[in-house]
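Asker: Please see the structure below; I have some questions.
The values are calculated or read from the model by the stated rules, or taken from the named source; none is laboratory data. Since the structure is predicted, the reported quantities are computational estimates derived from the model, not experimental observations. Methodologically, a virtual Cβ is constructed for each residue, glycine included, from the backbone with ideal geometry; neighbour enumeration extends over all protein chains shown.
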Amino acid sequence: MKTTVTMTAAILVAATGVASAQERVLNVYNWSDYIAEDTIAKFEEQFGVKVNYDVYDSNEVLEARLFAGNTGFDVVVPTSDFLRRQIGAGIYQPLDKSKLPNLANMDAGLMANAAAYDADNTHAVVYMWGTTGIGYNAGKIAEILGQDAPTDSWSLVFDPEIVSQLAECGVSLLDAPTEMLPAAMNYLGLDPRSTDRADFEAGAELLESVRPHIRYFHSSQYITDLANGDTCVAVGWSGDVFQAQARAAEAENGVEIAYVIPKEGALQWFDMMAIPVDAPNPDLAHEFINFVMDAQITADITNYVWYANANAASMPLVDPEITSDPGIFPTEEAKARLWGAEVYDSRTDRIVNRLWTQVKTGQ
Amino acid sequence: MAHAAARPKGSVSDVREHPSMTMRDRISGALGRRLVIGTPFLWLLIFFLVPFGIVFLVSLGAPEFGVPPYSPAFEWDGGVPRFVGSFDNYIFLTEDDLYWIAYLGSVKIALGATLLCLLVAYPMAYMIARAEPGMRNILLMLVILPFWTSSLLRIYALMGMLRQGGFINSALMGLGITDAPIQMMQTDFAVYLTIVFTYLPLMVLPLYSTLEKLDGSLLEAAADLGANSFQTFWTVTLPLSLPGILAGCLLVFIPAVGEFVIPDLMGAQDSPMIGNVLWGEFTRNRDWPVASAVAIAMLALLVIPFMLLRNTSALRD
Amino acid sequence: MTAPIIRLRNVVKTFGDFTAVDDLSLDIDAGELFCLLGGSGSGKSTLLRMLAGFESPDSGTIEIDGKDMRGVDPADRPVNMMFQSYALFPHMTVAENVGYGLRRMGLAKAEVATQVAEMLRLVKLEALAQRKPHQLSGGQRQRVALARALARKPKVLLLDEPLSALDKKLREDTQFELMNIFDATGTTFIVVTHDQEEAMVLATRIAVMDAGKFVQVDTPRQLYEFPKTRFVADFIGNINLLEATVTGPGRSEGLAALHCEALGAVEAACDGEVPPAGAHVWLAVRPEKIALSTDTAAPGYDAVVDDLGYRGGDTQYRLRTASGAALKVTKPNTERQGQRPVDWDTPVRIAFAPEAALVLRQ
Ligand SMILES: Nc1ncnc2c1ncn2[C@@H]1O[C@H](COP(=O)(O)OP(=O)(O)OP(=O)(O)O)[C@@H](O)[C@H]1O
Ligand SMILES: [Mg+2]
């Protein structure tokens, strides 16, 4: 679940040339900034093909294009809960596992988790996975809340007492109702996977109570703002917060960003590689998926984007700084408190989104 | 129209008097004229009416799980179309205040931004129209230039200016005017500023073109008849630039009502906007029919007042 | 008489390094219909615009009604202008256009309405009060512009080429209408024109301008009969100009005896002193003042008809004298004749009274 930072990259990639007639072409549609710099070049070289690599920055954009039909994409990377709904709509073709020998590299446990959205992993394999937790400016938080600030808890954003002290410094939430409402419900001790209207309303009420102290709701702006020290706390996606951390370090601006999976638990999501039914080149799509599951290739991507992968064989090749970070690869204890996103029916979607508008605007 | 071009230079008016014009000339002239008038209509048909019709049909369907994600409004019953859609989606819009509130909120912001745009653009256009002809083109270029970059890039550039550690705050603090950064991002100020900045050329250009055509001797006549510069502006310049003002306001207001990128990126999202509501219906609720109904309703609410306005004498003269 | 209504002293106006108005001094009396006549670019409009206050002189003074106009806005001058293009406000009706200047004076609505009605009556446009300018003919627009400029009852009305946008026939009718209005209002008119006939018809006095200077300022008759220079003589009407040398005084007072290449010995009137013998001068004779006879025994000079142009009211003859010089002669066609009395290549005799010819020194 990566979001865009540089639009130009997307434009440049989209503009890359048209392949000659005989040349085999693969069309990949992935999240922006979500692959190692050399992955595509290596694939093109190794298979003697041309890759059209296009990017998006929200599941909604991907889904709208898929539902409109005739996308021409061979490989897309939806997030698990979206994947499940799209499978239901008949958008994906089953994978031919005989063409995916590198499936053996995958972590059985994580693939089993992902199978909650796609029985037997019939249609998709895990690309990267991550959590929705909290990124914060360690120095500023200590300054405002003191050394015993609850930086390991959702109370950093859900306790009005605490958030109000941070408001001046800047608090942002993801503009993602299906992630924020369950997090609030979980904080209240309710089941984050509940689809009970009353539970959603309770979550919304909690969010409304902190709304006056929230500067904005956005799913990518916080990366820059955290890195620059313009905001102090942001609910965000793990890899994005790490990106903010890296940027701050690079800028040497004295801002120190940390990512935490709060002790109450957090949403765990999987971004999945899948092949649309109308893919023009399904054979090559299989080759690409198999290629990405190569231990070295996956390790390269993780080392570059700082998201966890589900590839057991790649672990020894991943930077120890990453493997040892509990924000990326959580401890067993933390893992136990992660939950997967529930897939809502359209009525529930409407309830959730309507409540979200109410939270944001008071209407 | 090759025909008209072949005729030695002559204005439309002397066509009527030309004795050697045959019946055939006249007929093909009329055909040509009809073609010239017809082309914009064709354009309108292809790029507006057809998409509008499609969206309208979608709005009569119901959301469905699949590709496309809505049920059709018509079914083919042995080669005869049978209407199976409904206006439920429009009724639904009236059941939740949100849509009204969002629409009014958008109109409010769009009106405010349009007014601000006008206030900023008018003096600019006036100055450019009064500048030396050589200078005029340079100034016009400067107005149009930002349009050549993606609006998103311009928005990001403004973010860089407005954010806490951005250019403006650094300058203010560097000059000792303020000692803490001012929160400008995620405020209404940022939203209005960005809309004005983004749409300014759309306001300046029509204003410029009417002001540039304004006959200087009219201003002299007003002065000669005892008007001071304010009266001259109020009684001559302003009324005569009214078509430019209306054109500019429409060009800014209409897209500004549907604007959702700017409030989303620059604002605090604390008031609902119709553009965001539509986007939410389309993507989050995956309800293309309701999204289409919102779009059609928004268009109707926007277009009807302007159709009425068009019939007032102000525009006709 | 009282002090002049307009008084120019050494007025200069330059645009960059181009001098449009060059050191002009002039007095215009109240009640005059004064014409500024000159070719294109001679500085007429520039002078008028300085009077109206749209341009300010680089040096020199302009007084209107005894007051120095330096630094006085157009709005505050006791003059109004009728623009060449009329400059009617397109968004206002005829009545609103005419009332514009009155409203600026802060008059009450009813008062404005009465005065507008009065003005419209003056220019015979009562019926069109509610029309917009684009619904009027050229002549009607011209009258609206006139009414609007007169509405404030200015001491001086400035008219820049008031009739140039009208066709010839309408222009002639309008000339007389303009004079009637001039008589009715008693306002001083200053009219710019490049049409010498129009100036002659309208003006009490005419200033002939050339290159930013006044060449001659006089009544129309004086300008025609006694032009001071060849430029004026040539500019106003038609004239024959022949080089000549003074041989001495003429037979009577005010006449000079000349030797002229084209004709031989002639006598002509002098406007002022007779130039000394040997002076190089020009003999100026208007074509209609030359008598033409087919009787080869008649007194005068020999000539041959080179060319002739029938113009309806008169016929213009182009003659060649014995020495080969060209001369123009016009004769009114007083009778309807089946046959021309004088045809191509006819030998003729020409003659003119010495008083009808003029000696020009420059
Ligand atoms: N604003 C100006 N800038 C530069 N030159 C000017 C300007 N106004 C007038 N001139 C010049 O001054 C000269 C006199 O102009 P003016 O308009 O007074 O001529 P005019 O006698 O009215 O001629 P016309 O009969 O063609 O109207 C012209 O050569 C003109 O080019
Ligand atoms: Mg002129």
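Asker: Do you know which of the residues in the range C:49-63 that are more than 14 Å from chain B (Cβ to nearest Cβ) and among the small types (Gly, Ala, Ser) is nearest to the chain's Cα centre (by Cα)?
Answerer: Result: C:Gly60.
Residues are listed down the side, and each one gets a yes or a no for (1) more than 14 Å from chain B (Cβ to nearest Cβ); (2) more than 16 Å from ligand 2 (Cβ to nearest atom); (3) modelled with pLDDT of 90 or more:
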site	(1), (2), (3)
C:Lys109	yes, yes, yes
C:Gln135	no, yes, yes
C:Gln140	yes, yes, yes
C:Leu159	no, no, yes
C:Leu178	yes, yes, no
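Asker: Looking only at the range B:253-290, count how many residues are more than 17 Å from B:Ala110 (Cβ to Cβ), without any contact (Cβ under 8 Å) to a residue 40 or more places away in the chain and more than 8 Å from chain A (Cβ to nearest Cβ).
Answerer: 1
Asker: Still on this structure, I have one more. Quick test for you: out of A:Gly90, A:Gly189, pick the one residue that is at positive phi, within 14 Å of chain B (Cβ to nearest Cβ) and of a type in the set (Gly, Ala, Ser).
Answerer: Going through A:Gly90, A:Gly189 in turn, just one is at positive phi, within 14 Å of chain B (Cβ to nearest Cβ) and of a type in the set (Gly, Ala, Ser): A:Gly90.
Asker: For the range C:55-70, does any single residue satisfy the condition of being within 16 Å of ligand 1 (Cβ to nearest atom), touching a Gly at 6+ places or on another chain (Cβ under 6 Å) and of a type in the set (Val, Ile, Thr)?
Answerer: The answer is no; no qualifying residue exists.
Asker: Still on this model: Take the residues in the range C:1-48 that are within 16 Å of ligand 2 (Cβ to nearest atom) and without any contact (Cβ under 8 Å) to a residue 24 or more places away in the chain, then tell me which one is nearest to the other protein chains (Cβ to nearest Cβ).
Answerer: Here the answer is C:Phe15.
Asker: Now, a different point. Mind checking which residues of the range C:77-94 are more than 7 Å from chain B (Cβ to nearest Cβ), outside any loop (DSSP other than H, G, I, E, B) and under 29 Å from the mean Cα position of the chain (by Cα)?
Answerer: Of everything in the range C:77-94, those that are more than 7 Å from chain B (Cβ to nearest Cβ), outside any loop (DSSP other than H, G, I, E, B) and under 29 Å from the mean Cα position of the chain (by Cα) turn out to be C:Val79, C:Met82.
Asker: Within the range A:219-244, track down each residue that is surrounded by fewer than 24 Cβ atoms within 10 Å (Cβ to Cβ), at pLDDT 90 or above and assigned to a loop (DSSP other than H, G, I, E, B).
Answerer: Within the range A:219-244, A:Gly229 is the sole residue that qualifies.
Asker: Among the listed residues B:Ala297, B:Ala221, B:Ala293, identify the single one that is surrounded by 22 or more Cβ atoms within 10 Å (Cβ to Cβ), under 24 Å from the mean Cα position of the chain (by Cα) and in a helix (DSSP H, G or I).
Answerer: Of the residues listed, the single one that is surrounded by 22 or more Cβ atoms within 10 Å (Cβ to Cβ), under 24 Å from the mean Cα position of the chain (by Cα) and in a helix (DSSP H, G or I) is B:Ala293.
Asker: Can you find even one residue in the range B:208-217 that is within 14 Å of another protein chain (Cβ to nearest Cβ) and surrounded by 20 or more Cβ atoms within 10 Å (Cβ to Cβ)?
Answerer: yes
Asker: Tell me which of these C:Val94 doesn't satisfy, since it passes every other one: (1) in contact with a strand residue (DSSP E or B) (Cβ under 7 Å, 6 or more places away or on another chain); (2) buried (at least 21 other Cβ atoms within 10 Å of the Cβ).
Answerer: Against the list (1) in contact with a strand residue (DSSP E or B) (Cβ under 7 Å, 6 or more places away or on another chain); (2) buried (at least 21 other Cβ atoms within 10 Å of the Cβ), C:Val94 comes up short only on (1).
Asker: Given (1) in contact with a helix residue (DSSP H, G or I) (Cβ under 8 Å, 6 or more places away or on another chain); (2) within 23 Å of C:Ser164 (Cβ to Cβ), identify the lone condition not met by C:Thr46.
Answerer: Of everything listed in (1) in contact with a helix residue (DSSP H, G or I) (Cβ under 8 Å, 6 or more places away or on another chain); (2) within 23 Å of C:Ser164 (Cβ to Cβ), C:Thr46 misses just condition (1).
One line per residue, one yes/no per condition, for (1) exposed (fewer than 11 other Cβ atoms within 10 Å of the Cβ); (2) within 24 Å of the chain's Cα centre (by Cα); (3) more than 21 Å from B:Leu299 (Cβ to Cβ); (4) modelled with pLDDT of 90 or more:
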site: B:Leu44; (1), (2), (3), (4): no, yes, no, no
site: B:Val58; (1), (2), (3), (4): no, no, no, yes
site: B:Glu64; (1), (2), (3), (4): no, no, yes, no
site: B:Ser71; (1), (2), (3), (4): no, no, yes, no
site: B:Arg82; (1), (2), (3), (4): yes, no, yes, no
site: B:Gly85; (1), (2), (3), (4): no, no, no, no
site: B:Ile91; (1), (2), (3), (4): yes, no, no, yes
site: B:Glu95; (1), (2), (3), (4): yes, no, no, yes
site: B:Tyr99; (1), (2), (3), (4): no, yes, no, yes
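Asker: Go through (1) touching a helix residue (DSSP H, G or I) at 6+ places or on another chain (Cβ under 7 Å); (2) within 14 Å of ligand 1 (Cβ to nearest atom) one by one and return the number of the condition C:Gly39 breaks.
Answerer: (1)
Asker: Which one of these is charged (D, E, K, R) and part of a strand (DSSP E or B): C:Glu63, C:Glu118?
Answerer: Sole residue among the options that is charged (D, E, K, R) and part of a strand (DSSP E or B): C:Glu63.
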